[in-house]
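Shown next, in structure tokens, is the structure this report addresses.
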Amino acid sequence: MTNNSFLDKLADHLLDNYAQSLSDIIVVLPNKRARVFLLEVLRNKVDNPFFAPSIISIEEFIQDLSGIRAIDSIELLFEFYEVYVSISEEKEVQSFEKFANWAKILLQDFNEIDRYLLDPNYVFSYLKDIEVLKRWELNPEHKTELIDKQLEFWSKLPIYYEALYQQLLQKKCGYQGLIYREAVNKLESLSSNLQTGKLIFAGFNALNQAEEKIIQYLLANNKAEVLWDIDKVFLNDYLHDTGLFVRRFKEKWSYYKSHPFEWIVDEFSKEKNIEIIGTSKSIGQAKIASSIIKDRIDAHADVKLDNVALVLGDENLLIPILHSLPENVGSLNITMGYSSKNNPVQVLIAKLFKMHHNALKRNGQSYVLYYKDVLDVLTNPIVEPYVNALDLITIIKKNNYTFIPLQKLLSLYNDTNPLFDLLFAKWDKKPVEVLETISQLLLSIKEQLAVNVEEDTSLVKTFLYSIYKVINKLISYCSKNDFVSSIEMLHTIYKQVIDLAEVSFEGEPLSGLQIMGVLESRVLDFDTVIITSMNEGKFPAGKSVNSFIPYDVKKEIELPTYKEKDAIYTYHFYHLLLRAKNIYLLYNTESEGLDGGEKSRFITQLEVERQPNHHLSHKIIQPHVPNVAREILSIPKSDSIKERLKVIASGKGFSPSALTTYVRNPIQFYSQRVLSIQEADEVEESIALNTLGTIIHQTLEELYKPYLNKFLSVADVDTMLKVADEEVFRQFKEVYKEGEVKKGRNLLAFEVAKRNVFNFLKDEKRLIEDGDAVKIIDLEKKLSRELVDDRLPYPVIISGNVDRVEIRNNKLRIVDYKTGKVETGNLLVSTWDGLTLDIKNEKIIQLLCYAFMYEPFLDNREMEAGIISFKNMRAGFMSFGFKEGKQVSTSITSEILSEFIGELVRLISEILDTSIPFEEKRN
């Protein structure tokens, strides 16, 4: 707090004028938070022990005056629904979900009507008359059921209001507006009870009609004193919204006709350093705020951060801010409302609702869970460290469990863990019992956090406690209300109430960095103020029409409109600046939705109405972008890599696909072949192309196995055709494990696989009928051959699997199946130079590698190698060919193999050459 703060001035006033009767004074402040600061200021000004005045917030004062307990918005919604059901015909009663959508808005209107002491019957009849006038020209026959229901709704508003008001009064509880209205009714009794002392209202700005009436009544009876905090710059400028409300009070209150208007200060025009900083994205603001705090700590090592306030114009910045703060921030205090929607524990509960709700509604099957829902729960950061489910996650992914019966899931989990049991306990029970399960789950997580002494879990515990309170409230409400009869209804209610809940943080308010929301800054003053999210739509917030009462009606009956709400924001902003010396205003320069990118009008106003002693500077800070956005990755071949390559070359060897991987991208070759890094297993909800290819390959292998080393007949192919569909299905289950085959995209993939195999066999049958003599020699044959050449540092093994080797019309043919599309032109080459430099030749390299490996088994036969493409079945067998002029030779002769081996040696020499690094290709 600054030395010339408002609370400092208020303390002096109390000690100067009420020193002898301080304990009889009641100080009423705009919020609870300022009480701690005022007591601290008084303590520092008085050496001897003393009885402090009573210090309360305006809401506490009004509540004490009315004698009515305030209820939260969740409880109020349930009370209203109870009233609504009791006064509505059974056939017209809406579900809680539909009711809550309009009831939350209507409750806000009830609240405003009561806070401003308006006659509800007048307001509601006004609204109904407007709706009737909108349709006055309609003939009776043109009126629809929807129009009739809408008019009926407006006519019922006073009934809803009165019934709710009376029910709450009977229970001695109420919303803010009801409490204010009842407090006004008890003013005379308050005045008579205040025999000694005074009420001092300090630091107020905007007041509703009820507050105005109460304060004016007490002023008139000499029972109160009002201490404003308004700067003369704002009070005297009739166009400045900061002084909008105080000017109204000065002009309209009868008290000021005969009494001076005091407590006008002259602080805003004093010297101030104001930095306006634009940066891209919200995270940029968090980083800049952190750097400002760090610079202050570095420049003033002996100075605490007590006089620094970090005000968040957007609550969503809280978590990025906390993660960005410098390590040498000794202590901090968070005072702001943080929506439970952003609470990480709430995210976990929402995932649980989704998982169990989906399991319950899944076509009446046994309790079956969707794998994504399961993984979302198991990998949630709140529970992941404590459920030890890594093995279970691996099993789910490896076996392609898309839908998992609960009993199967429990059997796969090889551990005993109460937390796991609570996460996956069935929700096929009463909603209250489900809520009790969630409550136990939260307590179990709390116990796990208590054991974790290595990390600071205080923030997670705060989030946990806020949701725990909501769940326990729901248990209480659902126990009393029979309408919550299903998990679906419970989920709906949960979504409604979580929007109304907030996280409350605890800390030491008098020391360290103060992180607060805009409203929490009322009455407080700081030397250094950092304000984030200074964008239109954020600070100030944009216009929101969250009311059934139109703008022009609000103006007519003197309810606050967005004009007054803007004025409230304006006052809070300028009050933050009032006594500050160093001010940092951060805004986002990037468009993030409709409101992004445009700096706040408050910044523009500061620039246009610049005070002589204000030193304004404006700068844009953007992330550093290097001249080269991304450098080419290059990995030199160390001694260990050299040894690893030698082990591969002499052991498993280089496969054709490994060699083409190097041609495509040496870094990929390094990762996959040298480091043996494999892709992580993931559940294939839809069958991947490579999985489909594996299924077709294995189906053909199984179909042709019985006919190895014999000439195929038409009857043999017919036999294969009869069992082909069954074999495809068997291979699907073999390869795709527990994945669902007969639904959705997978059903289409299944049919594609059947069609591909059918077309392949039909083509085989046609060729045999046309006279082809076919003998299958090998299927999925594992081959390897040592490549010895003087240009290589040591012999290298070439190894790989050939899909099919056959003798067709006395020619040996190597066949490679491809599920993708291949054209004949992809297999022709006219020159050997640069063959292994271009990835477009990858299929030629693969085929000639197979030919090289199979050459020792030729037995003087002519050899061909080619591809059958399932996406180009009309082309049939497409053979490798060497093109000379217009002539194409498809026979793989010793001369062709010799030329290819020369290119192959060059490629392998480059791979093994220690002077050539593994370098990423640009394209």
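Throughout, read-outs are computed from the coordinates displayed, never taken from laboratory work. In this text, all values refer to a predicted model and were calculated from it rather than measured experimentally. No Cβ is skipped: glycine too gets one built from the backbone with ideal geometry, and neighbour counts run over all protein chains shown.
In table form, for the structure just shown:
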item	result
Cα-based helix-to-principal-axis angle, 33-45 vs the chain, degrees rounded to 10	60
Relative contact order of the range 69-180, pairs being alpha-carbon contacts under 8 Å that are 6 or more residues apart, as %	51
Highest-first arrangement of 532-538, 696-702, where packing means the average Cβ count within 10 Å	532-538, 696-702
The range 639-919: radius of gyration over Cα atoms, expressed as a fraction of 2.2 N^0.38 Å	1.06
Hits among lysines - C-alpha to C-alpha of Lys408 under 17 Å, sequence gap 8 or more where chains match	Lys372, Lys397, Lys398, Lys426, Lys737
Order of Thr570, Thr719, Thr589, Thr831 under a 10 Å beta carbon neighbour criterion, fewest first	Thr831, Thr719, Thr589, Thr570
Cut-off under 5 Å, modelled amide H: who pairs with Asn872 long-range	Val822
Radius of gyration and maximum dimension Dmax of the range 468-581, Cα, Å	20.0, 59
Dipole magnitude of the range 341-503 about its Cα centre (Cβ charges: Lys, Arg +1; Asp, Glu -1), debye to nearest 20	560
Calculated Cα extents along the principal axes in Å (choose from [x] 100, 82, 66; [y] 123, 72, 62; [z] 146, 57, 43), label	[y]
Global form of the range 341-503, assessed from the alpha-carbon gyration tensor, a/c cut-off 1.5	oblate
Acute angle (nearest 10 degrees) that the helix 562-578 long axis makes with the longest principal axis of the chain, alpha-carbon atoms	90
Euclidean distance of C-alpha centroids, the range 319-385 and the range 700-720, integer Å	56
Whole-Å distance, taken between Cα centres, linking the range 423-501 and the range 194-232	43
Chymotrypsin sites (Phe, Trp or Tyr not before Pro) restricted to DSSP loop in the range 81-138 with at most 13 other C-beta within 10 Å	Trp136
Helical mean residue ellipticity (222 nm; -39500 (n - 2.57) per DSSP H run of 4+; nearest 500) of the chain	-15000 deg cm²/dmol
Nearest 10 degrees, 0 to 90: helix 487-498 Cα axis against the chain principal axis	50
Cβ-based exposure ranking for Leu779, Leu586, in which fewest neighbours within 10 Å come first	Leu779, Leu586
Most to least packed among 383-393, 346-356, 308-318 [average Cβ atoms within 10 Å]	308-318, 346-356, 383-393
Entries of Lys351/Lys565; Lys213/Lys599; Lys341/Lys361; Lys171/Lys252; Lys232/Lys294 with Cα pairs more than 28 Å apart	Lys351/Lys565; Lys213/Lys599; Lys171/Lys252; Lys232/Lys294
Residues Cys173, Cys849, sorted so that the one with the fewest Cβ neighbours within 10 Å comes first	Cys173, Cys849
Relative contact order of the range 341-503, pairs being alpha-carbon contacts under 8 Å that are 6 or more residues apart, as %	25
The chain - percent relative contact order, Cα under 8 Å, separation 6 or more	13
For the range 273-281, 3J(HN,Hα) per residue [Karplus equation, 6.51 cos²θ - 1.76 cosθ + 1.60, θ = phi - 60°, Hz, x = Gly/Pro]	9, 10, 9, 9, 10, x, 8, 8, 6
